[in-house]
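First comes the structure, then the notes that go with it.
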Amino acid sequence: MKAGEAARAVFEAEFGSEPEGCWCAPGRVNLIGEHVDYAGGLCLPIALPQVTTVAMRRRADGRLRIRSSGFDPVDIDLRDRQIDGWAAYVAGVAWALEPPGFAGADIAIASEVPVGAGLSSSAALETAVAVALADLCGLPLDDEGRERLAEACVRAENDYAGAPTGGLDQRIALHGRAGHALLLDFADGTSDHIPFDAGKQGLTVLVVDTGTGHRLADGQYGQRRREVEDATRLLDVGSLREARSAEPIADPLLHRRARHVIGEISRVRQAAESLRAGRIRDLGPLLDASHRSLRDDFEVSCLELDTAVDAAVAAGALGARMVGGGFGGSVIALCEDARVDDVRQAVADAAARRDLPAPAFLRASASGGARRC
Ligand code: ADP
Ligand code: MG
């Protein structure tokens, strides 16, 4: 069943009527550029073919009734400021966007994006709701309009749901384009679509969901952000984007943190250059270097991620790294098509040998952004 049909079926079963429409938005993987968005850096995500879909019908009585398979049903008043739990990712978007004339809705959600796997199910949900509200309430959906939706979704996640997010996820979910990666520049807010069609070159971006939910909320993410701020102050720059080297920082921990950010931004530049020249295989060593840096200098990896990365590379992947905030979640491995099965087997075997959860696999091809479906 297609995602749109799934959300429509949930809607009809729950609310006994037809939705006004269905809208979907993708999960994402970041090819490279991790933990640099809040340092004015660059990153290079692609939108996934896996989407979250919302079916929606407006109401006039200020109520929000929200249903999502696998989650407790939620009925709330639109004016309630503090909604806890998953529905905050929906209500928060209405709160941040304030769509003209919007006075409540029935909403059903169906998703193909694994939740809490570092593939940004949260932004997929927010941006699907945002395009639905925009479409129904007459807000523009051109590039500029989408940028405003992205900002509203970031506010929803930070200020309403209370989860820290730097904006990468929302922007790729709204601006993603099939066959392209999106070079996002967090220093000036610009972005650039860069051709990325791995399949055409006989390559696969294999995503390994390690089955260990990432544990961003336990304070590590906030701590890394503070360390990056401290390093920025010590180097006396506006952001680490402007720094050339971590050398002047004497404190060994802050030195390593800064070295990761500065090195990672430089790797994104090289990756973008390689893609522009059509040399996708050149990403391999950059992925490996990114993982080492995240593991050793930024210290956001964990046993499950390292095990998957090491096994993938040993089985012939051109390169592999953890993606997302870290401490669990997913890994990407760039593979020759002919090696994908070997890599999958090796990663699954390595997890089993160490008594880790059985990983799940999906293939990431660069896909389109949030849309009516
Ligand atoms: P990630 O974005 O990496 O998947 P997050 O922790 O940022 O992980 O977001 C996951 C949270 O987003 C879930 O715990 C839930 O609150 C919400 N969420 C995501 N997808 C859905 C969905 N399909 N239905 C309901 N809530 C969802
Ligand atoms: Mg998220």
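The values are calculated or read from the model by the stated rules, or taken from the named source; none is laboratory data. Here the structure is a predicted model, which is why all the values come from computation and not from measurement. Ideal geometry is used to build each Cβ from the backbone, glycine not excepted, and the neighbour counts take in all protein chains shown. Protein only, heavy atoms only, side chains kept; ligands, DNA and RNA dropped before computing areas. Shrake-Rupley method; radii C 1.70, N 1.55, O 1.52, S 1.80 Å.
Structure notes:
- Computed magnitude of the charge dipole of the chain (debye, nearest 20; Cβ of K, R +1, Cβ of D, E -1): 420
- With contributions of -39500 (n - 2.57) from each DSSP H run of at least four residues, the per-residue ellipticity at 222 nm computed over the chain stands at -12000 deg cm²/dmol.
- Segment 198-364: translational diffusion in µm²/s, Stokes-Einstein, Kirkwood Rh over Cα pairs, 10 °C, 1.306 mPa s: 95
- The distance between label points at Arg233 and Glu147 comes to 3.2 nm (points 7 Å beyond Cα on the Cα→Cβ vector).
- When you restrict to C-alpha pairs under 8 Å that are six or more residues apart and normalise by the size of the chain, the relative contact order lands at 23 percent.
- Between the beta carbons of Gln345 and Leu303, assuming R0 = 30 Å, the FRET efficiency works out to 0.90 to the nearest 0.05.
- Trp23, Trp95, Trp86, reordered so the largest accessible area comes first (probe 1.4 Å): Trp95, Trp86, Trp23
- Taking amide H atoms as placed 1.01 Å from N in the peptide plane, the amide H of Ile32 lies under 5 Å from those of Leu44, each 5 or more residues away in sequence or on another chain.
- Taking all protein chains as they are arranged and a probe of 1.4 Å, the heavy atoms of Glu242 leave approximately 100 Å² accessible to solvent.
- Restricting the calculation to Cα atoms, every distinct pair contributes to the Kirkwood radius of the chain, found to be 20.9 Å.
- Estimated inter-spin distance, Asp192 and Leu78, nm [label 7 Å along Cα→Cβ]: 4.2
- Separation of segment 267-300 from segment 161-218 is 14 Å, based on Cα centroids.
- Taking only protein heavy atoms and a 1.4 Å probe, the accessible area of segment 255-373 is 46% carbon and sulfur.
- Cα→Cβ-extended label distance, 7 Å offset, between Arg226 and Arg353, nm: 3.9
- Long-range amide H partners of Cys22 with built H, under 5 Å: Cys373
- Per residue, the chain exposes 40 Å² of accessible surface when a 1.4 Å probe is rolled over the protein heavy atoms with every protein chain present.
- Computed E for Ala178/Phe15 - FRET, C-beta separation, R0 22 angstrom, nearest 0.05: 0.10
- Cysteine residues of the chain whose C-beta has no other cysteine C-beta under 4.7 angstrom: Cys22, Cys43, Cys137, Cys153, Cys302, Cys335.
- Share of carbon and sulfur in the accessible heavy-atom surface of segment 113-197 [1.4 Å probe, %]: 47
- Per-pair calculated FRET efficiency, R0 = 25 Å: Ser245 and Arg292 via Cβ, rounded to 0.05: 0.85
- Residues of segment 41-74 with an amide N closer than 11 Å to a point placed 7 Å from the Cα of Asp185 along the Cα-to-Cβ direction: 42.
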